[in-house]
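Encoded as structure tokens, the structure appears first; notes follow it.
The values are calculated or read from the model by the stated rules, or taken from the named source; none is laboratory data. Keep in mind that this is a model prediction, so the values were computed, not measured. Every residue, glycine as well, gets a Cβ built from its backbone with ideal geometry; the counts of neighbours run over all protein chains shown. When the accessible area is computed, the model is the full protein with side chains, heavy atoms only, and any ligands, DNA or RNA have been set aside. Shrake-Rupley method; radii C 1.70, N 1.55, O 1.52, S 1.80 Å.
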Amino acid sequence: MKQFKTFAAILATSTALAGAAYAECEVTLKSSDTHPDGYPTVEAVKVMGEKLKESTGGRICVEVFHSAQLGEEKDTIEQTKFGVIDLNRVSMGPFNNLIEETKVVSLPYIFRSTDHAHRVLDGEVGQEILAAFEPHGFVGLAYYDGGSRSFYNSQKPITSMGDLAGMKVRVMQSDVFVDMMAALGANATPMPYGEVYSSIQTGVIDGAENNWPSYESSGHFEVAKYYTLDQHLIVPEILVMSKASWDKLSAEDQAAVKAAAAASVPVNRELWAAREKESEAKVRAAGAEVIDNIDKTPFIEAMVPVYEKHANTPKLKSLVERIQAVE
Ligand code: GTR
């Protein structure tokens, strides 16, 4: 299970370390991530920091606070808006209730595959969604991989949609996912990621849903061994910067930040592809029972009302259509 240090202890250690490691930097950008050290998103932001340091002649550095040291995603998003945190690597999910465009790329089964997601996000639609962050106090810098998410639980193998009936399943704090669970006949419990392990262990919830690396690194597989490969969500990860922090940089330094973020994307994709396989192998070896022959058609069909409710304006509908039209 994840161990959290107290905030004071972390601050004391990090201030002491920062004294040494970041002494030469004129600006040190604080970056948050919920995942542990070594996770592909954490490593990608570190690479971004190295590139930025290099391109600014050592003036601008990035300090990555992994393992939710700065808080759970929803709270860190708020702190990023106010410039308390400069950079934040989070899922699109917790942005859904704030920025409506992010709902489109969080809809169940919107992407047919990771390759399809890459083509969309690397293209015009991806750029438009990044731009949608700005009026809300964020600068969208880059998309990282988050694989596909599937259901897991502590109770029984889920072999069809009907097995989800009445189950209590944790989702990220987004109305899209609450409605997704209702459409599948289950009860959604939105809660922060860091509370999921103990909530499954104590029976507050029956299970949750996530990709292989998160299922593994969070230890959730230890308390919820039935994993059903229904792949209902491919939710992109995003690296954002606080607009407040961004506005303090010169145009030249802003360009350097963007370039460094872009350069970290291929690194993330490569790390992700490897980690997905490793995590899957690890949980299987540890006794996870994987149901990987499920018929996804009923799941996909059940999502019609979720699309109707959340892609409910001409702008959002057209984004959905444009994503679907990408080969
Ligand atoms: C992970 C994702 C995190 C967080 C987490 C969750 O896959 O990388 O950013 O959103 O899922 O379920 O809360």
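A compact table of results
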{"quantity": "Pairwise FRET efficiency - His136 versus Ala281, Cβ, R0 = 41 Å, nearest 0.05", "calculated": "0.55"}
{"quantity": "Computed FRET value (nearest 0.05) for Lys248 with Ala273, which takes r as the C-beta separation and R₀ as 35 Å", "calculated": "0.45"}
{"quantity": "5 angstrom amide H check on Phe133, placed H, neighbours 5+ away", "calculated": "Gly140"}
{"quantity": "Cα centre as origin, Lys/Arg/Asp/Glu Cβ charges: the chain dipole, Debye", "calculated": "280"}
{"quantity": "Placed amide H near Ile205: partners under 5 Å, 5+ positions off or other chain", "calculated": "Ile200"}
{"quantity": "Rg over Rh, two decimals, the stretch 111-219 (C-alpha only, Kirkwood Rh)", "calculated": "1.03"}
{"quantity": "Kirkwood-Stokes translational diffusion coefficient of the stretch 243-325, alpha-carbon pairs, 4 °C, 1.567 mPa s, µm²/s", "calculated": "72"}
{"quantity": "Mean separation of Cα contacts under 8 Å (6+ apart) over length of the stretch 104-262, as relative contact order %", "calculated": "37"}
{"quantity": "Candidate aspartates and glutamates - alpha carbon under 14 Å from Lys315, same-chain residues fewer than 8 apart omitted", "calculated": "Glu100, Glu101, Glu128"}
{"quantity": "Potential extension, Phe82-Lys317 segment - 0.36 nm per residue separation minus Cα distance", "calculated": "81.5 nm"}
{"quantity": "For the chain: accessible area per residue (Å², 1.4 Å)", "calculated": "42"}
{"quantity": "Distance between modelled label sites at Ala259 and Leu98, nm, 7 Å Cα→Cβ extension", "calculated": "2.9"}
{"quantity": "Overall Cα dimensions of the chain, principal axis frame, Å, largest first", "calculated": "58, 45, 31"}
{"quantity": "Built amide H within the under 5 Å cut-off of Lys30, gap 5+", "calculated": "Glu63, Asp86, Leu87"}
{"quantity": "Entries in Lys156/Lys296; Lys81/Lys258; Lys81/Lys168; Lys30/Lys81 that, when Cα-Cα distance is taken, lie over 20 Å", "calculated": "Lys81/Lys168"}
{"quantity": "Under 19 Å from Lys309, Cα to Cα: lysines that are on another chain or at least 8 residues apart", "calculated": "Lys103, Lys317"}
{"quantity": "Accessible surface of the chain [probe 1.4 Å, protein heavy atoms]: carbon and sulfur percent", "calculated": "52"}
